[in-house]
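Asks: Below is a structure I'd like to ask you about.
All of the numbers you see were taken from the coordinates with simple rules; none came from a lab. These numbers were taken from a predicted model, which means no experiment stands behind them. Reconstructed Cβ throughout: ideal geometry from the backbone, glycine too, with neighbour counts over all protein chains shown.
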């Protein structure tokens, strides 16, 4: 593990503040961060089964605790390879279907080596989803829908993020990302 659980959570919070909120990649994150409604769960295991178990435990926690808006399951020792991460992500999405969570929760994907389909490894736009640790971000589907209804031109967010990332460039994001550690 790269550090203690508290260090890993703090580094993840730094990344959210400096990259996700600071670059406005998610215009909805700042509100939840300020309200302290984001739960952070570190799963130290490198085992996929343990990671998926933690993911499902967090679904159940969201069922029971309305005060938690969203949960970030941080996997500091798991899936260092991006293709392996995509496989784990697929399994997590399958579990949402299997346990009737489709339409209730959705999972957003973040990984240190994130590469969008069709993008090259050195494309700055990958930093819109590059996190300092592999993670599975659980979102309440109804909250996402409500937020998108209130946000003008929400469908343009991904394209705006790509433009911003490409304008700033790889060096900018590498330094910003490293400053979170």
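Asks: Below 8 Å between Cα atoms, with a sequence gap of 6+, how large is the relative contact order for the chain in percent?
Replies: Details: 236 pairs, mean separation 44.6, N = 181.
Contact order relative to length: 25 percent.
Asks: Per-residue ellipticity at 222 nm for the chain, helices alone: DSSP H runs ≥ 4 residues times -39500 (n - 2.57), over residue total, nearest 500 deg cm²/dmol?
Replies: Details: 6 runs with 84 residues, N = 181.
Taking each H run of at least 4 residues, the total per residue is -15000 deg cm²/dmol.
Asks: Further question: Taking other Cβ within 10 Å of each residue's Cβ, how do 45, 125, 179 sort, fewest first?
Replies: Numbers: 45 14, 125 22, 179 11.
Lowest to highest Cβ neighbour count: 179, 45, 125.
Asks: If you don't mind, there's one more thing I want to ask. Nearest 5 percent is fine: what portion of the DSSP beta bridges confined to segment 5-178 is antiparallel?
Replies: Working: 11 of 16 bridges.
The antiparallel fraction comes to roughly 70 percent.
Asks: Please report how far the C-alpha centroid of segment 47-106 lies from that of segment 109-181, rounded to the nearest whole angstrom.
Replies: Here the answer is 19 Å between Cα centres.
Asks: Right, another one. For segment 110-181, what log10 I(q)/I(0) values come out of the Debye formula at q = 0.18, 0.19, 0.22 1/Å, with one point per alpha carbon and no solvent?
Replies: Results for segment 110-181 at q = 0.18, 0.19, 0.22 Å⁻¹ read -0.83, -0.90, -1.06.
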